[in-house]
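> Got a structure for you, questions after.
The values are calculated or read from the model by the stated rules, or taken from the named source; none is laboratory data. No experiment lies behind these values; they were computed from the predicted model shown. Because the Cβ atoms are built from the backbone with ideal geometry, glycine has one as well, and the counts that use them run over all protein chains shown.
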Ligand code: BEZ
């Protein structure tokens, strides 16, 4: 069965451009993102890897480690890294896993045989400090992902892990949030002494805490 939200992220050991990785040890007690791309030396993947390198300080700021993966080998990864730096202006600054035996791809269901029986699709897994999967997304090979959106979801996940709130449609860090319906008005008075706006009893809008 495919990995689902709330599942413990499976552990694995693999070679990467930054040495051998034991996934759970590499994660430590922090947040992590594991994403697959279909193939080295392909155009969309080149832009994606450059973008993740550009955004690395944003992941760092949030205490999130990032690792990429494809079924190509370390030699290909190393050779391709030069192209990423040359064309995207950002050098690889996070580990790229070489999953030549497809062990990790199979474990994580990153190969969708009816799309392509040998290459990984564009999977993303966001993992929390409890090692549980918080987000999964899957894009086709022909569509590059929006990694700013992944940062946006991480902002929401980190906020909602700490406070009794959820984030509304298109929410961005700093905007108003929603008090979770499970919190009574009496309990909400303690948590949000500055008050909130009640649009419906189940839709209470409050300034972003924290
Ligand atoms: C790409 O990254 O451009 C790509 C990879 C595999 C199939 C199609 C496009």
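> Between 104, 66, which is in contact with a strand residue (DSSP E or B) (Cβ under 9 Å, 6 or more places away or on another chain) and under 23 Å from residue 148 (Cβ atoms)?
66
> Same structure again: Looking at (1) within 16 Å of the ligand (Cβ to nearest atom); (2) surrounded by 20 or more Cβ atoms within 10 Å (Cβ to Cβ), which is the one condition that is false for residue 142?
(2)
> Which residue, of 33, 44, 66, is in the same structural domain as residue 122 (by TED's automatic domain parsing), in a helix (DSSP H, G or I) and either within 16 Å of the ligand (Cβ to nearest atom) or surrounded by 20 or more Cβ atoms within 10 Å (Cβ to Cβ) (or both)?
The conditions single out 44.
> Which members of the range 19-31 meet the condition of being in contact with a helix residue (DSSP H, G or I) (Cβ under 9 Å, 6 or more places away or on another chain) and closer than 26 Å to residue 118 by Cβ?
Listed by number, the list holds a single entry, 23.
> While we're here: Quick test of your reading of the structure: residue 98 fulfils all but one of (1) crowded, with 18+ Cβ neighbours inside 10 Å; (2) out of contact with any helix residue (DSSP H, G or I) (no Cβ under 9 Å at 6 or more places or on another chain); (3) within 30 Å of residue 75 (Cβ to Cβ). Name the failing condition by number.
(2)
> A further question follows. Only one of 137, 154, 150 is in contact with a strand residue (DSSP E or B) (Cβ under 9 Å, 6 or more places away or on another chain), away from the ligand (no atom under 16 Å from the Cβ), under 30 Å from residue 10 (Cβ atoms) and without any contact (Cβ under 8 Å) to a residue 24 or more places away in the chain. Can you tell me which? Step through it out loud before you land on a result.
Values: 154 fails: without any contact (Cβ under 8 Å) to a residue 24 or more places away in the chain; 150 fails: without any contact (Cβ under 8 Å) to a residue 24 or more places away in the chain.
Going through 137, 154, 150 in turn, just one is in contact with a strand residue (DSSP E or B) (Cβ under 9 Å, 6 or more places away or on another chain), away from the ligand (no atom under 16 Å from the Cβ), under 30 Å from residue 10 (Cβ atoms) and without any contact (Cβ under 8 Å) to a residue 24 or more places away in the chain: 137.
> Take the residues in the range 12-28 that are without any contact (Cβ under 8 Å) to a residue 40 or more places away in the chain and more than 17 Å from residue 70 (Cα to Cα); name whichever of them is surrounded by the fewest Cβ atoms within 10 Å (Cβ to Cβ).
25
> Go through the range 5-30 and report how many residues are more than 17 Å from residue 103 (Cβ to Cβ) and assigned to a strand (DSSP E or B).
1
> Then there is this: Mind checking which strands (runs of 3 or more DSSP E) fall wholly inside the range 92-174 and carry at least 1 residues that are over 16 Å from the mean Cα position of the chain (by Cα) and within 19 Å of residue 68 (Cβ to Cβ)?
Here the list reads 96-98.
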